[in-house]
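No lab work stands behind these numbers, since they all come straight from the coordinates. The structure presented is a predicted model; accordingly, all values stated were derived computationally and were not measured. Backbone-built Cβ (ideal geometry, glycine too); neighbour counts: all protein chains shown.
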Amino acid sequence: MTKTRNIAIYGKGGIGKSTTSSNISAALSEKGYKVMQIGCDPKSDSTNTLRGGRFVPTVLDKLRSGKKIETSEIVHVGFNGILCVETGGPEPGVGCAGRGIITAIELLKQKKILEEFSPDIIIYDVLGDVVCGGFAMPIREGVAEQVYTVSSSDFMSLYASNNLFKGIKKYSKSGGALFSGIIGNSINLPINEEIIQDFAANTKVTIAGFVPRSLTVAKAELQGKTTIEAAPDSDQAELYRNLAQKIISNENRYVPAPLGTDELKAWAESWYDRLLEHNNNQGQQATEPVKSDLKYYELKPDSAKARVK
Ligand code: ADP
Ligand code: MG
């Protein structure tokens with residue numbers, strides 16, 4: 001690979017961005033690529049499972065110290081030689097997290113860190129449920145060429161993805177990044193692929209893959225490792241390898257068609273009705289879930305693939 005491939009992975013907080021990003025990075029490093037992962041989330045734990053579960057000093061921490069910054073203080077080598085960077089965040093209650101990301105990425109540019117290491121692939125793991133210019137930086141400034149979103153079938157997660165689509169659409173006119181696919185990920189309930197597929201069809205985007213909820217992921221995390229490192233022979237590790245391969249060979253880049261606020265609400269309500277009808281047809285107790293909360297639908301795991309009328 002000659003040119004660095006910049007990939008940004010967005011999604012709502014806690015949806016599995018860092019888990020997915022780190023496993024993709026680990027899988028790509030196994031394939032021989034030189035990978036850098038840049039965590040752009042004030043949580044600063046993006047690269048923990050690439051580094052034995054440990055937090056690394058962040059770019060903003062180092063900047064705040066006021067001392068001269070050595071590259072080795074902000075670029076930390078992790079699993080299989082993966083270069084790990086955490087932009088960090090502001091001190092709680094002070095300053096703006098998005099602004100911190102801009103400052104950190106500017107420092108990486110200033111210090112010519114990307115040129116120094118010339119990675120084949122850079123993965124930006126970006127908190128994406130904040131509508132803020134700083135978090136949009138990897139899209140806006142043409143930093144990333146390809147953008148993915150990690151999403152479950154929960155409404156708030158799809159809502160965050162829809163907001164991301166709005167941001168991509170806005171900046172696409174001025175050379176911003178383009179979208180390349182949804183990565184469906186399940187953290188609590190079994191994922192309802194059909195809801196994500198329908199959302200994708202409505203917003204004119206593609207799906208890069210689905211990652212099921214897995215105990216192997218949780219166990220690996222407790223050991224401070226990615227699934228690729230902790231359970232290399234597991235089905236879940238193979239799944240991450242396939243996803244990584246798909247991402248690296250994915251040439252899709254396009255502008256999504258985000259739904260307007262009312263359209264999104266109407267779409268979500270249509271699913272509420274379908275899910276309720278489906279559960280009633282399945283002979284399940286027709287308890288009335290809270291109308292605004294799609295999260296508590298009662299689908300059985302094996303019904304996720306069944307076509308709901
Ligand atoms: P984010 O980076 O979006 O804030 P994380 O990657 O930190 O989210 O994931 C949040 C939690 O969900 C973590 O404890 C992680 O281990 C867990 N998790 C994420 N994806 C899966 C999965 N496919 N199966 C099981 N647990 C998962
Ligand atoms: Mg994270």
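From most to least packed by mean Cβ count within 10 Å, the peptides 213-222, 20-29, 75-84 give 20-29, 75-84, 213-222. Counting 0.36 nm for each residue step from residue 64 to residue 31 and taking away their Cα separation leaves a gain of 8.2 nm. For the pair residue 156 and residue 253, the difference between a 0.36 nm per residue extended length and the Cα-Cα distance amounts to 32.5 nm.
You can think of it this way: the chain between residue 222 and residue 55 has 58.7 nm of extra reach, that is 0.36 nm per residue less the Cα-Cα gap.
When the chain is treated as a GNM with alpha-carbon contacts under 10 Å, the residue of 39, 128, 13 showing the greatest mean-square fluctuation is 13.
The simple spin-label model puts a point 7 Å past each Cα toward its Cβ; for residue 170 and residue 77 those points are separated by 4.1 nm. Of all DSSP beta bridges confined to segment 5-257, the antiparallel ones make up roughly 10%. Which residues does the label zone of residue 4 cover in segment 61-96, counting backbone N under 11 Å from a point 7 Å along Cα→Cβ? Output list for this probe position: empty.
Pairs 169/246; 3/173; 112/170; 170/204; 34/225; 34/246: which are spaced more than 27 Å apart, C-alpha to C-alpha?
112/170
Taking all Cα pairs closer than 8 Å and separated by 6 or more residues, the relative contact order of segment 5-257 comes to 26 percent. Of the residues 191, 13, 234, the one whose Cα sits farthest toward the positive end of the charge dipole of segment 5-257, with +1 on the Cβ of Lys and Arg and -1 on the Cβ of Asp and Glu, is 13. Given the options 258, 57, 42, which has the most mean-square fluctuation in a GNM of the chain, springs set between C-alpha atoms less than 10 angstrom apart? Largest GNM mean-square fluctuation: 57. The dipole here belongs to the chain: it is taken about the Cα centre, uses +1 on the Cβ of Lys and Arg and -1 on the Cβ of Asp and Glu, and is about 740 debye. As a calculated quantity, the FRET efficiency between residue 265 and residue 245 at R0 = 51 Å, using C-beta atoms, amounts to about 0.85. Ordering 132, 84, 181 by Cα displacement along the dipole of segment 5-257 toward the positive end leaves 132 in first place; charges were set at the Cβ atoms of Lys, Arg (+1) and Asp, Glu (-1). The string of couplings for segment 78-86 from the Karplus curve (6.51, -1.76, 1.60, θ = phi - 60°) is x, 2, 6, x, 5, 8, 10, 10, 10 Hz, one whole number per residue in order, with x for Gly and Pro.
Put simply, the amide H of residue 124, placed in the peptide plane, has neighbours under 5 Å in 7, 8, 9, 38, leaving out anything fewer than 5 places away on its chain.
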